[in-house]
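Data first, discussion second: the structure below is written as structure tokens.
The values are calculated or read from the model by the stated rules, or taken from the named source; none is laboratory data. Just so we're clear, the structure is a prediction, and the values are computed from it rather than from any experiment. FYI the Cβ positions are ideal-geometry reconstructions off the backbone, even for glycines, and counts take in every protein chain you see. Side chains are part of the model used for accessible areas, which takes the heavy atoms of the whole protein and leaves out ligands, DNA and RNA. Shrake-Rupley method; radii C 1.70, N 1.55, O 1.52, S 1.80 Å.
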Amino acid sequence: MGLTLSWLSIIILIPLAGLFLRTLELSPEQFWAILSSRRTLNALRVSFGLAFAAACVNLVMGSIIVWALVRYRFPGRRLFDAIVDVPFALPTAVAGVALTSLFAEKGWLGAPLAALGIKVAFTPLGIFIAMIFIGIPFVVRTVQPVLQDLDPEIEEAAGSLGASRWQTIIRVILPSLGPALLTGLALAFARAVGEYGSVIFIAGNLPNVSEIAPLLIVIRLSEFRYADATAIAVIMLVVSFVIIFAVNRLQRWAQNRIPVH
Amino acid sequence: MTIEVKNLVKKFGTFAALDGVDLKVDNGELVALLGPSGSGKTTLLRIIAGLDWPDSGEVSFNGEDALAQGARERNVGFVFQHYALFRHMTVFENVAFGLRVQPRAVRKDESSIRARVKELLDLVQLDWLADRYPSQLSGGQRQRIALARALAIEPRILLLDEPFGALDAKVRKELRKWLRSLHHEINVTSIFVTHDQEEALEVANRVVVMDKGKIEQIGSPNDVYERPATAFVHGFIGESIELPVQVADGVVRLGDRPLRLAAEGVASGASKLFVRRHDMLVGAPGSGAFEGAVRHVRNFGPVQRAEVALFDGETIEIDAPRDKELSVGERVGLDPRRYRIFTA
């Protein structure tokens, strides 16, 4: 207990406290001015908005991938299973460069999309795609073990009681996976909000349009405006904490409805 | 509802789970499918339910082709060995599930659903558990809820796959009696699978004994116990002494020694002699067909169980009445009161 707390303090709490102390150098008026500036607000909107959208896409696509990996036996299944972890392991800058060259106007995917009039690289759409890329393993890896534990017999039971395939999915399978899905969503979201390396390569980093909050912090740091940087960091921290906490509560509520054996 | 199964074949790879099975179940019967694991009994049950499909053969309900319908349309109640309850739903919602997923046109209104679920929970005597979750129930309670859930859709047929297999011995015995009286009350055509002969003989009206994908015998519990049709049935049901013998021209030999046993109508060749343990009568040395020495006696319970080493080399276990206590080392003569000889 003591060890846990000391470790947690050294690793997490003390740096965070430093962050808050630094912002105290600012008067409330200055703090407010930094936060309410158009550039800060837009950066926060881009970061949180796109991260949430990417997490939602990952939730849906991740569930489909999990389903295929758990329920079907196909050649190369183990390979695909391993590939899911690539975004975990790949240095984010490498991912960013790869995605950028892929989606650039002359890239393999960028060229056909450009022909359709869709521009991905150096736009918010690029950020969105990078965030999907780095978030997908979180959903897959949290939902996979729970689906593996789900007895296929309950689907047969639902079928023999007259439920259609759709009713079985909505009424039986999804509720059983609920807590795991929420955890996966929260983790993918948290990762996408904090993502820096892969995003800055593909984003274009146009202020107010495709500039993410972590990048704005770095910019402020390079301008030696440390208090500005910490102020943005603090607000990101607070918003992230509130969101994760809310998801946690939601998850606990969902779990309580399914008492563990 | 009558169920008729004709020449059913189902293979898993090269393994024949069902190898030409014919069966007819009459309306209102309670039939047990009994056999060792791998005998195909569960496969047969799952095919009747529509959870599995045969490679060839026919299944019909009241003369109507059932294979044309999926599990969903067959209106069959199925009870799984491991209950398969929905763990995120209360007991009440589990039982109500089948009523709630009905097509809108025939779905009952909320108050009729509530009344029906209440009625079913009363039937399985667990109405006080309506608001609990499955994980808060004991195994026996879970299985009764699974049964209530299956009955909610007013199934034409009730199928139970090893319904008491995951329960401890005492609960099993209680639930057996309870299932029999429940069947008497609702009288729906039912088939249950078991590998426990006592369960099959005690609960069912008729027992179907299966082995290696084939039906060995169909009959009343009394038939399969008293008049086993094959060597497998004699060995599987009840406790039997099994001795390898040779039959030649009506004479039975164990090793080289002819036995004083009649064998009219038994084909010559290698055969198996079956005697129920309690049908082997103990007498003075020289009085019976067999001679031996008592090796071990377990004398508690209603009978004494003795291990006897026959002088022909085999060792057998017999059940003798307790009026005359046997002692270790004692020489005895043994004479089978009843026996059966099957060609090996």
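When all alpha carbon pairs of the range B:133-175 are counted in 10 Å bins from zero, the resulting P(r) reads 26, 52, 21, 0 %.
Of all DSSP beta bridges located in the protein assembly as shown, what percent are antiparallel, nearest 5? Could you put the intermediate results ahead of the total?
Numbers: 57 of 75 bridges.
Here the share of antiparallel DSSP bridges comes out near 75 percent.
Across peptide A:171-182, the mean count of Cβ atoms from other chains lying within 10 Å of each residue's own Cβ comes to 2. Show me you know the interface measure: the accessible area buried between A and B, both chains summed, probe 1.4 Å, in Å² to the nearest 100. Approximately 2300 Å² gets buried when A meets B.
Note on exposure: A:12, A:212 ranked by accessible area (1.4 Å probe, complete protein assembly) read A:12, A:212, with the most exposed listed first.
Which loop-located GluC sites (Glu not before Pro) does the range A:186-248 contain, where loop means any DSSP state but H, G, I, E or B and the Cβ has at most 14 other Cβ atoms within 10 Å? Hits after loop and neighbour filter: A:223.
Evaluate 2.2 N^0.38 Å with N set to the residue count of the range B:78-176, then give the Cα radius of gyration divided by it.
Values: Rg = 13.3 Å, N = 99, 2.2 N^0.38 = 12.6 Å.
In units of the globular-protein estimate, the range B:78-176 measures up at 1.05.
Given a cut-off of 28 Å, name the pairs among B:10/B:177; B:170/B:272; B:6/B:212 whose C-alpha atoms lie farther apart than that in the structure shown. Those over the limit are B:10/B:177; B:170/B:272.
For the range A:93-136, run through the chymotrypsin sites (Phe, Trp or Tyr not before Pro) and keep only the ones in DSSP coil with at most 14 other Cβ atoms within 10 Å of their Cβ. Walk me through the numbers on the way to the answer.
Numbers: sites: A:103, A:108, A:122, A:128, A:133; in loops: A:108, A:122.
Here the sparse-neighbourhood loop sites are A:108.
Once you reduce the range B:140-201 and the range A:183-234 to the center of their Cα atoms, the two points are 62 Å from each other. Residues of the range B:96-122 with an amide N closer than 18 Å to a point placed 7 Å from the Cα of residue A:170 along the Cα-to-Cβ direction: B:96-110.
The charge dipole of the range A:44-212, taken about the Cα centre with unit charges on the Cβ atoms of Lys, Arg (+1) and Asp, Glu (-1), comes to about 280 debye, rounded to the nearest 20. Our Cα-only numbers for chain A put the radius of gyration and Dmax at 21.4, 68 Å.
Can you give the longest stretch of chain B with no exposed loop site, where a site means GluC sites (Glu not before Pro) in a DSSP loop (not H, G, I, E or B) with at most 16 other C-beta atoms within 10 Å? The partial results should precede the final answer.
Working: sites that count: B:239, B:264, B:314, B:325, B:330.
Result, exposed sites excluded: B:1-238.
Spin-label model, residue B:181/residue B:222: points 7 Å from Cα along the beta carbon direction are separated by 2.4 nm. Per-residue SASA remark: residue B:111, around 80 Å² accessible (1.4 Å probe; ligands, DNA and RNA not included).
Across all Cα atoms of chain B, the radius of gyration (one decimal) and Dmax (whole number) stand at 24.8, 80 Å. Taking other residues whose beta carbon is less than 15 angstrom from the beta carbon of residue B:297, and scoring Lys, Arg as +1 and Asp, Glu as -1, yields +1.
With a cut-off of at most 11 other beta carbons within 10 Å, and DSSP calling the residue loop, which chymotrypsin sites (Phe, Trp or Tyr not before Pro) in the range A:5-93 qualify? Please list them. The qualifying sites are A:72. The sum of -39500 (n - 2.57) across all DSSP H runs of n ≥ 4, divided by the residue count of the protein assembly as shown, sets its helix-only mean residue ellipticity at 222 nm to -14500 deg cm²/dmol.
Each principal axis of the protein assembly as shown carries a Cα extent, and these read 114, 60, 53 Å when sorted largest first.
When only Cα pairs under 8 Å and 6 or more residues apart are kept, what is the percent relative contact order across chain B? The partial results should precede the final answer.
Numbers: 729 pairs, mean separation 55.6, N = 344.
Here the relative contact order equals 16 percent.
Taking all Cα pairs closer than 8 Å and separated by 6 or more residues, the relative contact order of the range B:240-343 comes to 32 percent. Carbon and sulfur together cover what percent of the accessible area of the protein assembly as shown at a 1.4 Å probe radius? Carbon and sulfur atoms account for 60 percent of the accessible area of the protein assembly as shown.
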